[in-house]
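Okay, so here's the structure we're looking at.
No lab work stands behind these numbers, since they all come straight from the coordinates. From a predicted model like this one, the values you see are computed outputs, not experimental measurements. Backbone-built Cβ (ideal geometry, glycine too); neighbour counts: all protein chains shown.
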Amino acid sequence: MFTPLKYKIHEIAPDLQFWGYEGGNVLAAIAGTGGFFAFYEGLRSVSEIPADNLWSTVATAFSTYPDIIVTAGLAVIVLLTIFLGRFLRAPDSGQAKIWIDRTSSLAGIGLVLGALYFGASWITFTAVSFVSASALLRLCRTSPVFLKLGGLMLAAGGFGLAGYGLSTVQDTQSAMLPGLTVLTGIYVFFASLMTYQGGIYECNAIQEELGGAPSSNDPFRTDGLLARLLVSRLDRPIGVLVKRIALPSVFWVSRNTKSTSPFLTSMWTRLPWRVLTGIAAVATGTTVGVLFGVANMLWAVGDVAIGSLDWKLAET
């Protein structure tokens, strides 16, 4: 009964993944500003800052309205990615798309650093970390090193999500929503480590094929300086964390699925917590709660799109 639906989801998985994750990221960031009206009022306030000097104006806007600026920048990145993507459908536009994703990832990382430096809210930091991760992961078609980098940015987003849950404990009458948000962040963090481990496997496979010969002149090649730095500093500890903590903690996923279906494992690691957190957030009835709840539901759509990549190889 569900087989045709599953294959249809698999067929449109890239679109579902993009709209689910990026839509959720934008709504989560807007929730961090206090809602659509608060975001609009914040933009008006930013526009009233005296524009005597560009850099001082940007610094003033960032320091005074960090959530507004980061959210606006995040929205611009997503909208430009959509807009430019519609004009780059020709078969020979692959290189242009790569540069779009590179620019998006760099801009996103810049916003992440700005969010940290100027003290944006946890949820805003989470959203922009996820946007950066999405752009980096789209680049994995050029090098599996980007699987590792994208996994690290996803980990930052999961950490931020857990931080957001902890920061809202005193603002809510019930501990359910903060608790579920913390758990969601933890399991997103675990899933991000699995993504990084996927990058380890892919990089090792390429290096075995090359037999130690240089892969290319690309700075992100699998034997480049960045790749060697990741191997020497992060590969081993992350591999241990995945084996001893992340995979065992996903006790509701069968051992066979964990060993044969990495995309399904990633989906089931995050999906239950996304749905539960989304329901609890919407149930608050507040503007921020509803936005955060819908964001979680959209993220869940992205998770399903990821899981569908394994549906032709394994049963759920």
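Remarks
- Helix-only [θ]222 nm of the chain, DSSP H runs n ≥ 4, -39500 (n - 2.57) each, per residue, nearest 500: -25000 deg cm²/dmol
- All aspartates and glutamates inside 17 Å of LYS8 as judged from Cα atoms, apart from same-chain residues fewer than 8 positions distant: ASP303, ASP310, GLU315
- Candidates ALA61, ALA283, GLN207 compared by Cα position along the dipole of the chain: farthest toward the positive end lies GLN207, with charges placed on Cβ.
- Cα gyration tensor category, rounded, prolate or oblate, for region 182-316 with a/c compared to 1.5: prolate
- Neighbour count of at most 13 Cβ within 10 Å plus DSSP loop: longest trypsin sites (Lys or Arg not before Pro)-free window in the chain: 90-311
- Counting neighbouring Cβ atoms within 10 Å and putting the fewest first, the residues PHE39, PHE87 line up as PHE87, PHE39.
- Overall form of the chain per C-alpha gyration tensor (a/c, 1.5; a/b vs b/c): oblate
- Student exercise, region 3-310 dipole from Lys, Arg, Asp, Glu Cβ charges, in Debye to nearest 20: 680
- Within the same chain, lysines fewer than 8 places from LYS243 are excluded, and of the rest, those with a Cα less than 24 Å from its Cα are LYS148, LYS258.
- Ranked for footprinting exposure by Cβ neighbours inside 10 Å, fewest first, CYS203, CYS140 give CYS140, CYS203.
- Shape category assigned to region 98-204 from the gyration tensor of Cα positions, a/c cut at 1.5: oblate
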